[in-house]
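The values are calculated or read from the model by the stated rules, or taken from the named source; none is laboratory data. Being a predicted model, the structure only gives us computed values, none of them experimental. Positions of Cβ are generated from backbone atoms using ideal geometry, with glycine treated the same way; all protein chains shown enter the neighbour counts. Accessible surface is based on the protein model in full, side chains and every heavy atom, while ligands, DNA and RNA are left aside. Shrake-Rupley method; radii C 1.70, N 1.55, O 1.52, S 1.80 Å.
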Amino acid sequence: MKLATVVACAALLLCRAQEDACKQAHSTKADCKSDSNCVWCEAGAVPSSCFTKENAAKLPPGVFECDTRRRSELLSREQQEAAGIVWRGNASNSHTKLLDMDNIPDSLDWCNKDGKNKSDSNCVWCEAGAVPSSCFTKENAAKLPPGVFECDTRRRSELLSREQQEAAGIVWRGNASNSHTKLLDMDNIPDSLDWCNKDGKNLCTMSRNQHIPQYCGSCWAHGTVSALGDRIKIARQGQGIDINLAVQHV
C-alpha cells in the first residue's frame, strides 16, 4: 500500500512537471541556465529537462539531479549590451568560466592552498601527531577533532611591538606627550574647563551639523575633524583664521 502511494505521488509530480513553464520555454541546457527562474535537471530513466525552481524542488531526488548552484549576479557581455551598457573592455569572464566548470572542488582553503599559507590574519596553525601539522582557516580549525589537532587560537595583537616599530623605521614614542602625567600631578585641577571660553577667548572651531541637508551618518568623521581643528586653534592660541578641515577627506 505504501509503495503504491509513493509511486502514485511520483507519477503525479511527473505529470505536473510536464506542464512546467520553463520546460515549455527552454529545450536546451544552455537556454535553461540563462533564465534566472529556471533550473536544469538531469535524469536517466526519463528525459532531462528544464523546470521552474519551485517544481524542481518537488521532483523525486532518486530520479532527477538538479543543478541548484547559485548563479552569478554579474551580467554577461551580451546581457550588458542588451541593456544598453557600453562594454568597457576591462571585465573578466572568469565567473562564467567558473560556473561552467565540471570539476568544482567541494572546498577550498586559501590558507593551505597547495601547501602555501596565503593570509596569516585569517589562518591558524594546528599541531598534530598522527597526521602532518598544517595551517587552516579559523572556521575549518574550529571543526577539527581536538583529540587529534591542537590549534593556536590565541588572538594576535594588532599593535606592533617596540622592536617591530623600530625595525620599520618608526621612532619609539616619538610623538608621545607627558601631558597626562603632568595633569595627574596637579594639585589644583579646575572644576570645569571650557575651551570655547578659555580666559575670555574662544579656542573652538565652528560646529557643523551632519543632519543638514539630510542625515549622513558620519558623526565619527565630524567629531574627529572638529577635535583636530580645535587642537590646531589651541596650539595657535586663537591667532589667525580658523582652520576648518574638510570632513569628506577623512
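Exactly one residue out of Leu203, Leu228 is at pLDDT 90 or above, part of a helix (DSSP H, G or I) and surrounded by 13 or more Cβ atoms within 10 Å (Cβ to Cβ): that is Leu228.
If you go through the stretch 34-54 and pick out every residue that is open to solvent by 70 Å² or more (accessible area, probe 1.4 Å) and of a type outside the set (S, T, N, Q), you end up with 6. The set of residues from the stretch 28-59 being assigned to a helix (DSSP H, G or I) and among the aliphatic types (A, V, I, L, M) comprises Ala30, Ala56. With respect to the conditions (1) among the basic types (Lys, Arg); (2) open to solvent by 100 Å² or more (accessible area, probe 1.4 Å); (3) not in a loop (DSSP other than H, G, I, E, B), Arg173 falls short on a single one, namely (3).
Restricting Lys53, Lys58, Lys23 to those that are of a type in the set (Lys, Arg) and out of contact with any helix residue (DSSP H, G or I) (no Cβ under 8 Å at 6 or more places or on another chain) reduces the list to Lys53. Restrict the check to the stretch 112-128 and report whether at least one residue is of a type in the set (Gly, Ala, Ser), modelled with pLDDT of 85 or more and either out of contact with any His (no Cβ under 9 Å at 6 or more places or on another chain) or under 30 Å from Val148 (Cα atoms) (or both). Within the stretch 112-128 (the criterion being of a type in the set (Gly, Ala, Ser), modelled with pLDDT of 85 or more and either out of contact with any His (no Cβ under 9 Å at 6 or more places or on another chain) or under 30 Å from Val148 (Cα atoms) (or both)), the answer is yes, since at least one residue qualifies.
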